[in-house]
1. Can you pull the one-decimal nm distance between simple spin-label points at B:THR205 and A:ALA179, each 7 Å off the Cα toward Cβ?
2. Once amide H atoms are placed 1.01 Å from N in the peptide plane, what residues at a sequence separation of 5 or more from B:LEU213, or on another chain, have their amide H within under 5 Å of its amide H?
3. At 7 Å along Cα-to-Cβ for each site, give me the label-to-label distance between A:ARG91 and A:ASP157 in nm.
4. Shape verdict for segment A:1-92, please, from the Cα gyration tensor: rounded (a/c under 1.5), prolate (a/b greater than b/c) or oblate.
5. Given the peptides A:167-179, B:46-58, B:27-39, B:171-183, arrange them by the average over their residues of other C-beta atoms within 10 Å, most packed first.
6. Determine the relative contact order of segment A:1-92: mean sequence separation of Cα pairs under 8 Å and six or more apart, normalised by residue count, in whole percent.
7. Could you work out the relative contact order of segment A:1-52? I mean the mean sequence separation of Cα pairs under 8 Å and 6+ apart, divided by the number of residues, in percent.
8. Non-local amide H neighbours of B:ILE122 (under 5 Å, H modeled in plane, Pro and chain starts lacking H): which ones?
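Nothing in this text is a laboratory measurement; each read-out follows from the coordinates by a stated rule. Note that the coordinates shown come from a computational prediction; the quantities given were computed from them, not determined experimentally. Here the Cβ positions follow ideal geometry from the backbone for every residue, glycine too, while neighbour counts run over all protein chains shown.
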Amino acid sequence: MTTPDDISDLIARCALRDRSAFEDLYTATSAKLFAVILRILKDRGEAEDSMQEVYVKIWHRADSFAASQYSPISWLVAIARNHAIDRLRQRKPAADDIDTQYDLADSTPGPERQSIARSEQQRVLACLDELDAEKSAAVRGAYLNGDSYQELATRHDVPLNTMRTWLRRALLSLKECMAR
Amino acid sequence: MTQDEKDEEIGAAEYVLGVLSAEERATFEARLATDPALRAEVRDWTERLTPLAETLPDEPVPPRVYRQLEQRLFPAPTPLLGRLGFWRMVSFGAVAAAAILAVIAFTDPAPTNPAPTLVAQISGEAGVTVAALYDPQEGALRVNRLSGAAADGRALELWLIVGDAPPRSLGLLPTDSQGTLTLTIVALTEGILAISDEPAGGSPTGAPTGQVLAVGALSEV
């Protein structure tokens, strides 16, 4: 198993232009990043293109990782999500067939969730469960699917500003809960 | 926490969550570039929410993705194949090498990588002569010791000097006459290479301690 320290080390070696480290990093992390990207873009071809773009960025930005003070997984996931969300926002018009392919029943713990042991992870999930179901689903939906405020408002059938207020409160409660 | 700080923080949370429109994201990112406190907020929110991404089951990636990625990042070094001839013949001497360099320079196709390939002939009165070729695509320096050797129980250490900076060790020359040194330098574009006589295992101080046996400047092929 590849530990976070191993991943940090691989990123550091990528900064030194070590190609075999890059290949190892790809092997260790690509399935996770592909899951993140595919969930947002919901199109395999586009997600595959994005994977290339994302790993090109990882290779070129590897030298900024150490100074960023991010944990390695967060750093990699952030590059992947930011790329996928930017790409999603550039699509016109916004795809609205999301619900037909992936319903948003994320508030029910899936089997993958039970297998995760990290306490940090359990904390954010537990704190999400403390929110009421609809808000929890909105936060998850936004994070995992890359939904915009506009899309969330349409889906939950509330005015845009209501959704904004709602989600902001949910985020602050989440932060408070996680700081406990 | 002031209202402004709260707004900042919630802006960071919204950005990380990904709910902003393309325009709002661009505006936020422009502020992010110049605001370290905001970057710290973004980092905190990223760390808080990353576990959500980790709940997604792994999705295997088709092998073609890596193949294409590799071609894109590390294009096949075809121009270098032509230089194998250079490598074999350089031992015939500097004059022959110069002639071959001219031929290579003339026949080489346009480089696929903007970073130049560099060569150096490192020599000195002590009789140590080494040809070096820096391949920017591999980030490696191939060395070919043409004459001279380390004294018994001693080692030959290779140094790079760029501008006024102190010499930086590139490692020990291999005991075999030919070898490759992988460099921990992002891009080598210029400099002078030098070889010094050092204790076995290399300079204990990080700077050359023994006699400098050979020197040569890197130049573009």
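1. Each label point is offset 7 Å from its Cα along the Cβ direction, giving 5.4 nm.
2. Amide H to amide H, under 5 Å and 5 or more residues apart or across chains, B:LEU213 pairs with B:ILE195, B:SER196, B:ASP197.
3. Output for this residue pair reads 2.4 nm.
4. Cα axes put segment A:1-92 in the prolate bin.
5. B:46-58, A:167-179, B:171-183, B:27-39
6. Reported relative contact order: 37 percent.
7. 24 percent
8. Hits under the 5 Å cutoff: B:VAL130, B:ALA131, B:ALA132.
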